[in-house]
Amino acid sequence: MDPDTGDARLLPPGRLGDIVQILGGSDFEIQITADLDIDAPNYKRWKRPQTSGAITDTVPWQVFTEIKFGNKTSANQIYQNLNWGGGTPLPVRLTDFSVDGSTLTVTFRRYSATSGSAGTSKAWYGIS
C-alpha cells in the first residue's frame, strides 16, 4: 500500500504489470500552536464576542472546550468549518487541545461524511 495515496498495487496471476486499486487517502490532521500572551492582559482577541458586545468567556480557550465537549457552541454540530486559506473551508473535528502556560495547541482532523466520488480531490480543494 502506498502510504501517501492509499493506493493498493495488485499483481493478479497471469497478468503482466500491476493493477492500481485507488482506495483513497487517509484523513489528515492540522495542529495549530498559538501564544495566548499576544493579547494579554485582557485577552479580548481570544474571548467572545470580539465586537462591542460584552465578553462572555471566562478563559481565552473557552470556545475550544465548548467545541470539544459539546457545550453551547457545538451541541448540534458534528464538525466545524476551518477557513485555512487553501480553497473552500475545510470540514474538521477538534480532536485535542491543550494549554500550557500561555501556549495553546489545538489539533483538528479532517471530517468527511461523503463516500465514493463525492469526496474527490476536486471537491476537497474547491476546484470546479
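Overview of results
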{"read-out": "Cα-centred dipole magnitude for region 28-111, charges only on beta-carbon of K, R (+1) and D, E (-1), debye, nearest 20", "value": "340 debye"}
{"read-out": "5 angstrom amide H check on Tyr111, placed H, neighbours 5+ away", "value": "Val92, Arg93"}
{"read-out": "Estimated distance in nm for a label pair at Gln31 and Asp100, the labels positioned 7 Å out from Cα along Cα-to-Cβ", "value": "1.0 nm"}
{"read-out": "Radius 14 Å from Cβ of Ile78, net charge of other residues (Lys, Arg +1; Asp, Glu -1)", "value": "+4"}
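Values in this text are rule-based calculations from the coordinates and carry no lab data. Nothing here was measured: the structure is a model prediction, and the numbers come from that model. Neighbour counts run over all protein chains shown; Cβ positions are idealised from the backbone, glycine included.
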